[in-house]
1. Calculated FRET efficiency, E195 and E135, Cβ-Cβ r, R0 22 Å, to nearest 0.05?
2. Once the Cα atoms of helix 205-216 and of the chain are each reduced to a long axis, what angle between those two axes, in degrees from 0 to 90 to the nearest 10, is obtained?
3. What's the magnitude of the charge dipole for the chain around its Cα centre, counting Lys and Arg as +1 and Asp and Glu as -1 at the beta-carbon? Answer in Debye, nearest 20.
4. Would you compute the Debye intensity of the range 26-178 from its alpha-carbon atoms alone, equal scatterers and no solvent, and pass along log10 I(q)/I(0) at q = 0.09, 0.11 Å⁻¹ to two decimals?
5. Of all the accessible heavy-atom surface of the chain, with the other protein chains kept in place and a 1.4 Å probe, what percent is carbon and sulfur?
6. For the chain, what's the relative contact order in percent, using C-alpha pairs closer than 8 Å and at least 6 residues apart?
7. Any idea what angle helix 236-249 forms with the longest principal axis of the chain, computed on alpha-carbon atoms, 0 to 90 degrees, nearest 10?
8. For Y225, which sequence-distant residues (separation of 5 or more, or a different chain) have an amide H within less than 5 Å of its own amide H, given hydrogens modelled in the peptide plane?
Amino acid sequence: MKILVSADTSCVINYGVLKKNSVSVFPLNVIIDEEEFLDGVTIDQNKLKEDMRANKTIKTSTPPLGLVIEYFENLFALGYDHIIHFTISSKLSSMFNLFTGVALNHFPDKLTIIDSYSLSTGMINNVLYAKEEVEKGTSIDEIVAQIEKRKHEGTIFFIPENLTALKNGGRISPAIAAIGNTIGLKPVISLVEGELVKTAMTTDVKKAFFDRLNKVIPEYPTTEYDYSLVGFDAKEAIFDAIYDNLTKLLNGVEAIKGVIPINVCAHCGPGSIGVCISPKINGKSLKEFL
């Protein structure tokens with residue numbers, strides 16, 4: 001059986017990784033002042049950064065049903081018997097429900113949709129795990145069962161530069177955003193069982209990262225987990241300081257550097273920095289696939 005692994009662009013930390021590993025990618029959309037752009041096709045990090053810094057109206061939405069159907073039809077036309085497709089966490093987007101509906105109604109028994117419960121490194125890690133298992137000849141049912149276990153491992157947390165993007169996206173009230181921005185207060189946001197949860201507030205980004213890392217590193221040894229530091233137009237001095245201290249905390253093991261996926265950036269805003277911790281891929285570091 002000829003099986004293809006596919007994913008949406010929520011897993012992108014490096015735009016060449018999916019192509020290098022022969023994983024098909026479905027570009028999600030970003031709407032800027034009512035004009036629609038496709039992630040990695042008609043918009044990149046620089047374009048989004050400029051428009052967000054210019055206070056343009058940024059939105060995300062689900063793609064048209066016809067476009068999703070066409071995407072899979074084109075892939076099956078290449079001779080694939082089955083496609084395993086990963087979506088961003090269902091608790092962050094309706095993408096999983098949309099793609100599940102497409103699978104049931106248009107490609108029964110040919111398309112498996114997996115709710116990644118994640119994004120960025122946490123998502124691409126399991127995408128590449130599935131790809132490696134397909135190449136080993138592992139059954140689709142077994143791959144799905146293993147992903148269901150793996151996607152509950154690891155952790156992701158990030159801190160935005162300010163509260164403006166969260167306010168614009170309706171995730172916090174204008175009053176709270178105004179107060180927070182005035183005093184430099186920022187939320188520490190964690191991905192908990194696929195859902196973004198505010199776990200703390202801070203005025204000192206570097207200290208907040210170090211406090212959080214000191215707590216989680218003992219739970220996730222580098223022999224079993226990969227660490228990634230991702231950002232979106234983050235201040236270089238802060239990003240580098242966090243990276244250097246993360247390396248020290250990991251006893252010299254260097255973390256992976258990447259970007260926050262565009263559809264996530266649209267909600268957290270420029271200046272955001274995050275840490276992703278994910279299980280290794282059959283004992284191998286994600287670095288080997290980059």
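1. The formula returns an efficiency of 0.10 here.
2. For helix 205-216, the angle is close to 50 degrees.
3. 680
4. Computed log10 I(q)/I(0) values: -0.37, -0.54.
5. Answer for the chain is 50 percent, counting heavy atoms of protein chains only.
6. 23
7. The answer is roughly 80 degrees.
8. K280
The values are calculated or read from the model by the stated rules, or taken from the named source; none is laboratory data. Not measured: the values here are computed from a predicted model. No Cβ is skipped: glycine too gets one built from the backbone with ideal geometry, and neighbour counts run over all protein chains shown. We work out accessible area using only protein heavy atoms, side chains counted, and drop any ligands, DNA or RNA first. Shrake-Rupley method; radii C 1.70, N 1.55, O 1.52, S 1.80 Å.
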